[in-house]
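Here is the structure we will look at, set down as C-alpha cells.
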Amino acid sequence: MSKLGELGARLHHGEVGYDFVKNRKIWYGISILITITAIVGLSVRGLHMGIEFQGGAVFTTPKNVSASVSQAEEHAETASGHDAIVQQLGDGSMRIQIAGIDTDKSDQIKKELAKDLKVDAEQINAELVGPSWGDQIANKAWQGLGIFLVLVVIYLAIAFEWRMALAAFVALIHDITITVGIYALVGFEVTPGTVIGLLTILGYSLYDTVVVFDSLKEQTKDITKQTRWTYAEIANRSINSTLVRSINTTVVALLPVAGLLFIGGGVLGAGMLNDISLSLFVGLAAGAYSSIFIATPLVADLKEREPKMKALRKRVLAKRAQAASKGEPPEHEVGDERYADEDGDGPEDAAPAVVGPRNQPASRGRGRGRPSGKRR
C-alpha cells in the first residue's frame with residue numbers, strides 16, 4: 001500500500017487526524033478575511049466585462065501583419081478612441097477587440113487599421129457584437145445560478161436536513177464570492193466562458209461537501225443513545241475519514257485546469273483559455289477548502305445548539321470526568337469495545353479522529369459494531 005493510501009486508511013479508522021472542528025473559528029476568520037478582500041477588490045476594481053457583454057467590434061487581421069501586439073493596440077486605440085485588447089493567435093494573425101463603439105463606426109475603424117497595419121482592408125475580418133446579446137447571456141446566467149441554488153437547498157434539506165442545506169448554501173456563496181473577487185483583482189476579462197466555468201465549479205464544490213455530509217449522516221445515526229462522542233467529534237471524524245478522497249479528487253481535477261491556465265494561457269499566450277481556466281482553478285480550490293473548513297464545521301456549530309445535542313455533550317463530558325477521577329483512560333481515546341456504552345447502542349464506527357498517533361492504535365476490528373457483552 002502506498003504512503004498516501006496508508007495515511008487514508010489510518011485517517012478513516014481514527015488512528016491519526018486533525019481537529020478541524022475544534023479550530024473552526026480560525027477557518028471562519030480566514031474565510032471572512034479572504035471574502036472581505038474579494039468584495040473590496042470587486043468594489044474598487046470592478047469586473048472587466050468582455051465585448052460579448054458590452055458590445056463592440058472584433059477585428060481579425062491576416063497572417064502577414066508585420067506590426068507587434070503593442071503597435072497594433074496603439075493603432076486600434078488611435079483609430080477608435082477606445083481601449084483595445086489585442087491577442088496574438090496561433091496562426092500569426094491578431095484578434096483586436098474594441099468595446100463600446102457604435103456599429104456604424106466599424107467600417108471607418110477597419111479602414112484606418114488597414115492603413116496603419118499596411119494591409120488590404122478586405123483582408124481584415126470584422127465581427128459586430130450588440131450589447132443586447134450580452135445582456136441576455138448575463139440574465140440567463142443569473143437565472144441558472146438562482147435555480148441551481150434553490151434546487152440544491154431543497155435537495156439537501158430532503159436528503160439530509162436543513163442545517164446541512166444551509167451550510168452547503170453558505171459554502172457555495174463563499175466559493176462564488178472568492179472566485180468573482182479574484183477575477184476582479186487579476187483583471188481578467190469576463191466572457192461567456194467565464195460564466196460557464198463559474199457554473200461548473202458549483203457542482204465540484206457541492207460534490208465534496210455531500211461526500212462529507214453523507215459520512216456524517218451515517219455516523220451520527222442514533223447518536224443520542226451513546227455517551228462516548230459529541231456531535232462535533234463525530235463531524236470531525238467524518239472530515240478526516242474523507243480527507244484523502246477529497247484531496248485526490250481535487251488534485252486530479254486541478255492538474256488539467258492548471259495546464260490550461262499556466263501553460264496554455266501563460267506560456268503559449270492563448271489568452272482566450274484564461275476566461276474559463278481561471279474560474280475553474282480558483283473555484284475548484286475554494287470548493288475543496290469550503291467543504292472541509294466551512295461546511296462541516298458550520299453544521300457542527302448549528303447541531304450543537306440543539307437541546308438534545310447540548311444534553312448529549314453534558315453527558316459525554318460528565319462521563320469522561322468521572323472516568324478521569326477514577327484513573328480510567330477516556331473512552332474516546334481507547335477505541336476498544338470494552339469501553340462501549342452499557343446499553344450497547346453506540347453508533348457504529350463513531351470514533352472521531354485525534355491529533356497524532358495513539359499510544360495503542362486500535363485494530364481495524366475494534367470499536368466497530370456492538371460489544372459482545374456488558375461491561376462489568
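How do 19-28, 286-295 rank on mean C-beta neighbours within 10 Å, highest first?
Details: 19-28: 16.5, 286-295: 25.3.
So the order, starting with the most tightly packed, is 286-295, 19-28.
Note the full-extension length gain between Thr60 and Leu149 as 0.36 nm times their separation in residues minus their Cα-Cα distance, in nm to one decimal. Don't jump to the answer; show the numbers that get you there.
Values: separation 89, 0.36 × 89 = 32.04 nm, distance 3.93 nm.
Answer, rounded to one decimal: 28.1 nm.
Between Ala121 and Ala321, what is the spin-label point distance in nm, taking each point 7 Å from the Cα along the Cα→C-beta axis?
Distance between the two pseudo-spin positions: 9.0 nm.
With the full set of protein chains in place, find how many percent of the accessible area of segment 28-146 is carbon and sulfur; take the probe as 1.4 Å.
On the way: 3600 of 6840 Å².
For segment 28-146, the apolar C and S fraction of the accessible surface comes to 53 percent.
Please sort 137-146, 227-236 by packing, taking for each peptide the average over its residues of neighbouring beta carbons within 10 angstrom, highest first.
Highest to lowest by the protection proxy: 227-236, 137-146.
In whole Hz, with x marking every Gly and Pro, tabulate ³J(HN,Hα) for segment 233-239 from phi via Karplus 6.51 cos²θ - 1.76 cosθ + 1.60, θ = phi - 60°.
5, 5, 4, 5, 4, 5, 5
Kindly rank 108-119, 205-216 from highest to lowest mean number of other beta carbons found within 10 Å of each residue.
Details: 108-119: 17.4, 205-216: 21.9.
By packing density, highest mean first, the sequence is 205-216, 108-119.
Could you calculate the contour length gain from Gln88 to Asn248, that is, 0.36 nm times the residue separation minus the distance between their Cα atoms, to one decimal place in nm?
Full-extension gain reported as 54.0 nm.
If each residue of separation counts as 0.36 nm, what is the full-extension length gain between Met49 and Thr35 once their alpha-carbon separation is subtracted?
Details: separation 14, 0.36 × 14 = 5.04 nm, distance 2.11 nm.
Stretched fully, the Met49-Thr35 segment lengthens by 2.9 nm.
I'd like the Karplus ³J(HN,Hα) series for segment 275-281: coefficients 6.51, -1.76, 1.60, θ = phi - 60°, whole numbers in Hz, and an x wherever there's a Gly or Pro.
4, 8, 6, 5, 5, 5, 5
Let's test the formula: R0 of 56 Å, r as the Cβ-Cβ distance of Trp162 and Leu128. What FRET efficiency results, to the nearest 0.05? Please report the intermediate quantities before stating the final value.
Numbers: r = 49 Å, r/R0 = 0.88.
With R0 = 56 Å, the Cβ-Cβ based efficiency is 0.70.
The values are calculated or read from the model by the stated rules, or taken from the named source; none is laboratory data. Since the structure is predicted, the reported quantities are computational estimates derived from the model, not experimental observations. A quick note on method: Cβ atoms are made from the backbone with ideal geometry, for glycine too, and the neighbour counts reach across all protein chains shown. When the accessible area is computed, the model is the full protein with side chains, heavy atoms only, and any ligands, DNA or RNA have been set aside. Shrake-Rupley method; radii C 1.70, N 1.55, O 1.52, S 1.80 Å.
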